[in-house]
1. Among the residues of region 96-114, write down those that are in contact with a Ser or Thr (Cβ under 8 Å, 6 or more places away or on another chain) and in contact (Cβ under 8 Å) with a residue 12 or more places away in the chain.
2. Are any residues in region 177-234 among the hydroxyl-bearing types (Ser, Thr, Tyr) and under 23 Å from HIS150 (Cα atoms), and if so, which ones?
3. I need a count of the residues in region 112-144 that are surrounded by fewer than 16 Cβ atoms within 10 Å (Cβ to Cβ), hydrophobic (A, V, I, L, M, F, W, C) and modelled with pLDDT of 85 or more.
4. Which ones in region 36-53 are more than 25 Å from LEU189 (Cβ to Cβ) and within 19 Å of the chain's Cα centre (by Cα)?
5. Looking at LEU189, LEU239, LEU170, which is the one that is farther than 30 Å from GLY97 by Cα, crowded, with 21+ Cβ neighbours inside 10 Å and touching a His at 6+ places or on another chain (Cβ under 9 Å)?
6. Taking the options ALA76, ALA33, ALA101, name whichever one is aliphatic (A, V, I, L, M), modelled with pLDDT of 95 or more and over 22 Å from ILE236 (Cβ atoms).
7. Which of the residues that make up region 141-179 are among the basic types (Lys, Arg) and under 15 Å from the mean Cα position of the chain (by Cα)?
Amino acid sequence: MGPDYSYPRGLFASIALDVLLLRRRNFRRDAKACTGRLKPSLRVIGKENIPQRGPVVITVNHYYRAGFRAQWIALAIAATIPVDMHWIMTGELTYPGRWFAPLGMILSKFALHRAARVYGFTTMPPMPPRSKDVEERAASVRKVLDVVRHVKEPILGLAPEGGDSADGKLARAASGLGRFGLLLSGAGLKFIPVGAYEADGVFIIHFGEAYGLSVAHGLSSAEKDVQAAHIIMKNIAALLPIYLRGEFA
C-alpha cells in the first residue's frame with residue numbers, strides 16, 4: 001500500500017483562479033505545503049548531495065504506477081531543495097488511444113501553458129517528438145538557455161523520459177535529450193541525478209552526486225545525443241531499486 005497523497009484544502013481552487021488570472025505563485029511554497037501532508041513523511045536519501053545553489057540541472061526518473069500522480073515527483077524535489085527551481089515541463093498531454101484525446105490535448109495545452117506562466121517555468125512540446133513541434137521545441141530550448149544566462153545560480157529540473165513508461169521502469173530518454181544536456185553542460189551546468197520511487201509504503205527521493213556531462217570527441221551529432229542521454233539515464237538508474245532500472249540495470 002502506498003503513502004497517503006493529499007493536498008491542502010482549497011489549494012486546487014486557489015491555483016485554478018491564479019491560472020485563469022495569470023497571477024504568479026511560488027512553486028516551492030506550494031510544494032512544501034503538499035509534501036508536509038504526506039503520510040508517512042517523505043524520505044530523502046543522499047541529503048549531502050542536495051544542491052544549495054546552482055548552476056545545476058536536476059534529472060529525475062518519471063516514476064509511474066497506477067494511482068500515482070507524477071506531480072508528486074516535482075513537488076518532493078522542489079520542497080527539499082532550499083531555493084526556487086526552474087522546471088522544464090510538458091506543454092501538452094496527448095492521451096494516446098483515448099476517445100477524448102483531441103479535446104483533451106487542446107484543453108491541457110491551454111492549462112499547462114498558463115500554469116507554466118504562473119510558476120515561471122518553461123514548457124516543452126510532448127513526447128514522442130512530432131514534426132510539427134520542431135520550431136516550438138527549438139524556441140523552448142532557447143528560453144531555457146536564456147534562463148541559464150540571466151538567472152543567478154539557476155537550478156533547473158527535468159524528467160528526461162518525457163512521460164510514463166508502461167511498467168514504471170526507467171525508460172530511454174526522449175529523442176534529443178542528450179543534445180539538450182550537452183548544451184546545458186556547455187553553459188556551465190553540473191548534473192545532479194535523482195531517483196524517485198516508493199518502497200515499504202514510503203515515497204522516496206534519492207539524490208546522487210553532481211557530475212559533469214561530456215562525451216567522446218569525434219562523434220556525429222546523433223551519436224553524441226545517444227551517448228549523453230545514456231550517461232544521464234545510467235546516473236539516475238544507479239539511485240533506483242534494481243527492479244525499476246529497466247534496461248539500465
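1. MET105, LEU112, HIS113, listed by residue number.
2. Correct list: SER185, TYR211.
3. Residues in region 112-144 being surrounded by fewer than 16 Cβ atoms within 10 Å (Cβ to Cβ), hydrophobic (A, V, I, L, M, F, W, C) and modelled with pLDDT of 85 or more: 2 in total.
4. Scanning region 36-53 gives LEU42, ARG43.
5. LEU239
6. Just a single option satisfies the conditions, and that option is ALA33.
7. Residue satisfying the conditions is ARG172 alone.
Conditions (1) touching a strand residue (DSSP E or B) at 6+ places or on another chain (Cβ under 8 Å); (2) in a strand (DSSP E or B), marked per residue:
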| residue | (1), (2) |
| --- | --- |
| GLY195 | yes, yes |
| HIS206 | yes, yes |
| LYS224 | no, no |
| GLN227 | no, no |
| ILE232 | yes, no |
| ILE236 | yes, no |
| LEU240 | yes, no |
| TYR243 | no, no |
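The values are calculated or read from the model by the stated rules, or taken from the named source; none is laboratory data. Since we're looking at a predicted model, the values are computed, not measured. When we count neighbours, we look across all protein chains shown, and the Cβ atoms used for this are built from the backbone with ideal geometry, even at glycine.
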